[in-house]
């Protein structure tokens, strides 16, 4: 009400840039961590499954990267945004501003870091010797669909946690379940009976991971119907959450002050 | 009942907090109880009251930060700023970055803050420290920076909660003078303070709040006299 839209966007952009700057200045290796963390995760999975459990398959490292890296993006953004409104207490109690500012700040901050990770992932695939084709360009749509999904789920969990602080423990468990249920280190086609495969793909994260692999490993177009459905579902949830926040904006300031 | 001179009107506004005692049991606490008054454009309205009487809640209602449970608030202005020192400060960032962000959060556009940044830095007397992360600042330095940003910002309606002055010695006097100067201008101000001499110096009207209710609103001397009697009796 007291800040115009243009002003709000300006504040958002400045805060985003400064948050990234601040995050970087906290560690010795600063920017390197954005890449090092996913690289370490992928390495651990690779060592466990390819070497210790001998579950290797051709291009297993690419297989793992297509699963783990998008999954990390999703799980980090959702867990980080779950606490975002409560940690924005200092501002929410002093300035009249839309509450979704805080989860969206987390989402954009993570998306920025993720874009660099993706860039290095593509370069790695090329150096590794994957066959590059025009189909790879369609990955932009897969990434964008995931971005919409991340926005939608982040808004949802950020709205719940201030009312139910215990919810954040549930998110940690849900993310673990999601990791096992999204086919990061196994292929659902080999593991599941055909009648369960469709059910498995109803999990949007699993479906997106399937599409990342389809584009990079099979050089095939992504499943457009699935992408459209996930996008529309996400946009619907974003719209519902926007309306919800518009109606309850001033409730949150009082809620987290108590 | 809006007259052109009013910048804001409160009509029987109530706010009550709910606090959880156990899983299903809640207790309620009424912070504001049917508060009605209006703020006239250009005036400086002081608010007095003992601790916990609802002053801070009232300022947050005026700034549209807290929603209300009953009554109505009408705004006839576009911008209201609650003046907060060190708003949104991030210890990892430099004093300059923090000043820019803080100014923007207080309601200024980025270009306006950048225009005033030299003025802010000079007022704060931080010199080269302004480029160092504020985690290296002393409490006094941080307060000086926060105050310098706040005193430079403008808003149609300025809400000030106990931030008349900071620092020590020379800076304290400078800060007080700058704030008094700001308040005495055409700026509409709502000022919460425990310092009665300060209030009588700068206010046009005073509102006395007790246990969430408006006890009195009117001429400065009249209200402050009654309030002083009340304080002595307690």
task: Would you check if there is a residue in segment B:172-185 being modelled with pLDDT of 90 or more and surrounded by 15 or more Cβ atoms within 10 Å (Cβ to Cβ)?
output: no
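Say whether the condition of being surrounded by fewer than 15 Cβ atoms within 10 Å (Cβ to Cβ), in the same structural domain as residue B:199 (by TED's automatic domain parsing) and either in contact with a helix residue (DSSP H, G or I) (Cβ under 6 Å, 6 or more places away or on another chain) or within 22 Å of residue B:223 (Cβ to Cβ) (or both) is met by at least one residue in segment B:27-39.
Yes: segment B:27-39 contains one or more residues that are surrounded by fewer than 15 Cβ atoms within 10 Å (Cβ to Cβ), in the same structural domain as residue B:199 (by TED's automatic domain parsing) and either in contact with a helix residue (DSSP H, G or I) (Cβ under 6 Å, 6 or more places away or on another chain) or within 22 Å of residue B:223 (Cβ to Cβ) (or both).
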- prompt: Looking at this structure, is residue A:229 under 15 Å from the mean Cα position of the chain (by Cα) and either surrounded by 12 or more Cβ atoms within 10 Å (Cβ to Cβ) or farther than 22 Å from residue A:91 by Cβ (or both)?
  reply: no
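State whether one or more residues within segment A:35-47 are surrounded by 15 or more Cβ atoms within 10 Å (Cβ to Cβ), in contact with a helix residue (DSSP H, G or I) (Cβ under 9 Å, 6 or more places away or on another chain) and within 14 Å of chain B (Cβ to nearest Cβ). Give the steps one after another, and end with the answer.
Start the filter on segment A:35-47 by keeping residues that are surrounded by 15 or more Cβ atoms within 10 Å (Cβ to Cβ), which leaves A:35, A:38-39, A:41-42, A:45-46.
Going one step further and asking which of them are in contact with a helix residue (DSSP H, G or I) (Cβ under 9 Å, 6 or more places away or on another chain), we end up with A:35, A:38-39, A:41-42, A:45-46.
Those left that are additionally within 14 Å of chain B (Cβ to nearest Cβ): none.
No.
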statement: In the set B:144, B:96, the lone residue that is in a helix (DSSP H, G or I) and under 20 Å from the mean Cα position of the chain (by Cα) is B:144
query: Is it the case that residue B:102 is buried (at least 23 other Cβ atoms within 10 Å of the Cβ), more than 16 Å from residue B:157 (Cβ to Cβ) and either within 12 Å of chain A (Cβ to nearest Cβ) or touching a residue at least 24 places away in the same chain (Cβ under 8 Å) (or both)?
result: yes
field: Count - residues of segment A:23-62 that are within 25 Å of residue B:89 (Cα to Cα), more than 21 Å from the chain's Cα centre (by Cα) and outside any loop (DSSP other than H, G, I, E, B)
entry: 1
message: Can you confirm whether residue B:182 is over 18 Å from the mean Cα position of the chain (by Cα) and either in a helix (DSSP H, G or I) or within 13 Å of chain A (Cβ to nearest Cβ) (or both)?
response: no
query: Can you tell me how many residues in segment B:58-93 are at the interface with chain A (Cβ under 9 Å from one of its Cβ atoms) and under 26 Å from residue B:232 (Cβ atoms)?
result: 0
- request: Scan segment B:108-127 and give yes if some residue there is in contact with a helix residue (DSSP H, G or I) (Cβ under 7 Å, 6 or more places away or on another chain) and at the interface with chain A (Cβ under 9 Å from one of its Cβ atoms), otherwise no.
  value: yes
- request: Go over the candidates A:125, A:112, A:144, A:120 one by one and state the one that is in contact with a helix residue (DSSP H, G or I) (Cβ under 8 Å, 6 or more places away or on another chain), crowded, with 19+ Cβ neighbours inside 10 Å and part of a helix (DSSP H, G or I).
  value: A:125
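Suppose we keep only residues that are buried (at least 17 other Cβ atoms within 10 Å of the Cβ) and within 14 Å of chain B (Cβ to nearest Cβ) within segment A:232-254. Which one would you say is nearest to the chain's Cα centre (by Cα)? Before the answer, list the steps.
Of segment A:232-254, the ones buried (at least 17 other Cβ atoms within 10 Å of the Cβ) are A:234, A:237-238, A:241, A:245, A:249-250, A:252-254.
Right, trim to within 14 Å of chain B (Cβ to nearest Cβ) and you get A:245, A:249-250, A:252-254.
On the way: A:245: 21, A:249: 25, A:250: 28, A:252: 25, A:253: 27, A:254: 29 Å.
Out of the qualifying residues, it is A:245.
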field: Qualifying residue in segment B:10-17 (condition: without any contact (Cβ under 8 Å) to a residue 40 or more places away in the chain and over 27 Å from residue B:202 (Cα atoms))
entry: yes
- prompt: Going by the structure shown, is residue B:65 without any contact (Cβ under 8 Å) to a residue 60 or more places away in the chain, in contact with a helix residue (DSSP H, G or I) (Cβ under 9 Å, 6 or more places away or on another chain) and under 25 Å from residue A:20 (Cβ atoms)?
  reply: no
task: For residue A:94, state whether it is touching a strand residue (DSSP E or B) at 6+ places or on another chain (Cβ under 7 Å), crowded, with 19+ Cβ neighbours inside 10 Å and either at negative phi or assigned to a helix (DSSP H, G or I) (or both).
output: yes
message: Here is a check on your reading of the model: is residue A:68 farther than 30 Å from residue B:65 by Cβ, in contact with a helix residue (DSSP H, G or I) (Cβ under 9 Å, 6 or more places away or on another chain) and in a loop (DSSP other than H, G, I, E, B)?
response: no
task: Hey, can you tell me all the residues within segment B:43-62 that are within 16 Å of the chain's Cα centre (by Cα), in contact (Cβ under 8 Å) with a residue 24 or more places away in the chain and in a loop (DSSP other than H, G, I, E, B)?
output: B:43, B:49, B:53, B:54
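The values are calculated or read from the model by the stated rules, or taken from the named source; none is laboratory data. Predicted model, so just to flag it, every value in this text is computed and none were measured. Reconstructed Cβ throughout: ideal geometry from the backbone, glycine too, with neighbour counts over all protein chains shown.
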